[in-house]
Amino acid sequence: MDTTLILPAGYSPAMENLLNIARKTRFDFPTEKIILLGGLLNASAVKKELKQLGINIVDIPAVGFVDFLKHLNNDTIVLTSPYGCDHDTLNTLKKEHFRFFETLSKNVKDKLDFINNSKGKYNIIFIGNTNTIEANYISKESKYSFIFYDVNDASKAKAVITEREFNKAKTHILYQTEIAGSSFDSSLDYLKSLLPNAIVEDEMSDENYERKKNLSEQLKDNDVIIFITDTTSHDKYLLEYYHLTTKNLLYAIVKDVKDAMVLKIPSDKRILLVSDGSVPQNIVNDIYNYFTYKSLRETVPDIDKKH
């Protein structure tokens with residue numbers, strides 16, 4: 001049994017950045033009330049660690065941040081959402097004299113910079129859900145217009161795309177962080193069919209692009225994939241997230257070593273371990289070490305201790 005760990009492993013860059021800032025903030029302000037302004041997607045382990053740090057998550061629509069802050073005591077320390085914090089909210093934080101720290105992820109910032117650096121010279125289509133913090137942030141903060149393709153109501157975007165004279169060689173498609181599912185796949189397929197020369201900016205849009213790419217490059221027939229995740233999403237979501245829905249493969253989903261220990265995997269199989277960014281590095285290491293140890297136990301004969 002050969003086990004390969006797909007790198008990078010552990011938390012996604014956005015969650016690692018958020019936790020680093022949260023830990024430092026709690027260290028610097030051991031007794032103050034601290035909140036995170038905005039919910040988190042598929043991040044149970046991160047939520048648990050924030051709770052252990054005594055940091056509450058304010059999970060409300062982004063459009064309600066300003067009103068919420070106006071009724072909050074300004075001695076509360078605020079961490080802004082890793083998915084974005086628009087100028088109205090930032091101005092309120094400053095005006096009401098809150099102490100706050102921004103946790104904006106590089107992934108979201110890169111997408112906003114990409115739109116702003118385009119200077120309107122080429123078309124940009126953004127695929128996402130309109131009710132998310134990231135979509136609201138990018139829509140409000142972008143200096144140049146782009147087409148927002150709502151996966152739940154794409155009729156308006158479709159009409160604009162088909163009616164407008166698009167320069168097909170200069171259309172770039174971005175998509176929302178962590179978005180996956182059949183509605184996303186169908187939306188992307190539709191846009192590709194309509195605009196065959198459009199460039200899909202996968203690496204910019206997807207925080208876990210590198211680990212997905214490494215998995216696809218190393219995956220071979222008869223391999224067993226073990227997804228390390230603490231999300232509650234069903235199997236179909238994970239297969240779509242890693243673009244594996246068209247493959248015939250063996251896979252399992254685990255969140256810790258206990259889950260891994262109950263798996264019955266033939267010793268002649270090669271195991272690929274891949275995390276989705278929702279599980280910390282130490283848990284990933286524990287699972288990898290377990291399979292490495294198990295492989296050694298299967299290949300090294302027992303030593304006869306009788307004399």
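The values are calculated or read from the model by the stated rules, or taken from the named source; none is laboratory data. What you see is a predicted model; the values in this text were computed from it and never measured. We place every Cβ from the backbone using ideal geometry, glycine too, and count neighbours over all the protein chains shown.
Side notes on the structure shown:
- Considering Asp235, Asp223, the condition of being in contact with a strand residue (DSSP E or B) (Cβ under 8 Å, 6 or more places away or on another chain), among the acidic types (Asp, Glu) and more than 13 Å from Ala180 (Cα to Cα) is satisfied by Asp223 alone.
- Taken over the stretch 109-136, the criterion of being in contact (Cβ under 8 Å) with a residue 24 or more places away in the chain and part of a helix (DSSP H, G or I) is satisfied by Asp110, Lys111, Leu112, Phe114, Ile115, Asn116, Ser118, Ile133, Glu134, Ala135, Asn136.
- Test result for Ala9, closer than 19 Å to Asp286 by Cβ and either of a type outside the set (Ser, Thr, Tyr) or buried (at least 18 other Cβ atoms within 10 Å of the Cβ) (or both): yes
- Counting only residues that are touching a residue at least 40 places away in the same chain (Cβ under 8 Å) and more than 20 Å from Asp185 (Cα to Cα), the stretch 233-265 holds 1 of them.
- Test for Glu163: is it in contact (Cβ under 8 Å) with a residue 12 or more places away in the chain and more than 19 Å from the chain's Cα centre (by Cα): no
- Counting the residues of the stretch 94-113 that are closer than 26 Å to Tyr11 by Cβ, in contact with a strand residue (DSSP E or B) (Cβ under 6 Å, 6 or more places away or on another chain) and of a type in the set (A, V, I, L, M, F, W, C) gives 2.
- Qualifying residue in the stretch 180-196 (condition: surrounded by fewer than 14 Cβ atoms within 10 Å (Cβ to Cβ), part of a loop (DSSP other than H, G, I, E, B) and not assigned by TED's automatic domain parsing to the domain that holds Thr132): no
- Test: residue in the stretch 35-55 that is without any contact (Cβ under 8 Å) to a residue 24 or more places away in the chain, part of a loop (DSSP other than H, G, I, E, B) and surrounded by fewer than 14 Cβ atoms within 10 Å (Cβ to Cβ): no
- Ser187 meets the conditions (1) over 30 Å from Lys48 (Cβ atoms); (2) modelled with pLDDT of 90 or more; (3) of a type in the set (Gly, Ala, Ser) in every case but one. The failed one is (2).
- Test: residue in the stretch 61-77 that is among the small types (Gly, Ala, Ser) and more than 20 Å from the chain's Cα centre (by Cα): yes
- Qualifying residues in the stretch 95-138 (those that are farther than 30 Å from Asn73 by Cβ and among the hydroxyl-bearing types (Ser, Thr, Tyr)) - the one surrounded by the most Cβ atoms within 10 Å (Cβ to Cβ): Ser118
- Only one of the numbered conditions (1) surrounded by 15 or more Cβ atoms within 10 Å (Cβ to Cβ); (2) in contact (Cβ under 8 Å) with a residue 60 or more places away in the chain is violated by Asp2, and that is (1).
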